[in-house]
1. Go through I73, I17, I29 and list them by solvent-accessible area, largest first, probe radius 1.4 Å.
2. Quick one: net charge around A27, please, counting Lys, Arg +1 and Asp, Glu -1 for every other residue with C-beta under 13 Å from its C-beta.
3. Computed over the Cα atoms of the chain, what is the ratio Rg over Rh, Rh following Kirkwood?
4. Ignoring ligands, DNA and RNA, what percent of the 1.4 Å accessible area of the chain is carbon and sulfur?
5. If you line up the Cα atoms of the range 16-78 on their principal axes, what length do they span on each, largest first, in Å?
6. Using a Gaussian network model on the chain with a 10 Å cutoff between Cα atoms, which of R79, R63, R34 fluctuates the most?
7. Hey, can you grab everything whose amide H is under 5 Å from the amide H of E51? Only 5+ residues off in sequence or another chain; H modelled, so Pro and N-termini drop out.
Amino acid sequence: MSKVPPPPINENLTFGIDLGIASCGWAVIERKGRETPKILGSGSWCFNTPEEDKTRTPLNQNRREKRLLRRVIRRRRQRMQKIRSLFDESGLLQFLNGKKNLSIEIF
């Protein structure tokens, strides 16, 4: 089975793509030296916006808010774990009833 070589690349062509929330546009422009650029083709494709009809809010807004909240909670937990390990390494954790008090209050 023989491979077909790819066509040569035309460096005079510029391809443009514009991706929007409810549309996708494209254009092909040919440039030859100092001549005025020539538009070889262009077009767009429009589709329904993914948003709620009444409030006009994006459908993924609820999912995004929960994801951001999970990140905040995870980062806060990581910071507290780091503080606890630093306090433990430096011997600043207090002992209560023979156990280390791992509940640290920050004022």
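1. Correct descending sequence by accessible area is I17, I73, I29.
2. Working: positive: R31, K38; negative: D18, E30.
Summing Lys/Arg as +1 and Asp/Glu as -1 gives 0.
3. Numbers: Rg = 29.4 Å, Rh = 21.2 Å.
With Rh from the inverse mean 1/r over Cα pairs, Rg/Rh is 1.39.
4. Carbon and sulfur: 55 percent of the exposed surface of the chain.
5. Projected onto its principal axes, the Cα set of the range 16-78 covers 61, 36, 11 Å.
6. R34
7. Hits under the 5 Å cutoff: L59.
The values are calculated or read from the model by the stated rules, or taken from the named source; none is laboratory data. Because the structure is a prediction, the values reported are computed rather than measured. For neighbour counting, all protein chains shown are included, and Cβ atoms are generated from backbone atoms with ideal geometry for every residue, glycine included. To get the accessible areas, we keep the full protein, side chains included, count just its heavy atoms, and leave off ligands, DNA and RNA. Shrake-Rupley method; radii C 1.70, N 1.55, O 1.52, S 1.80 Å.
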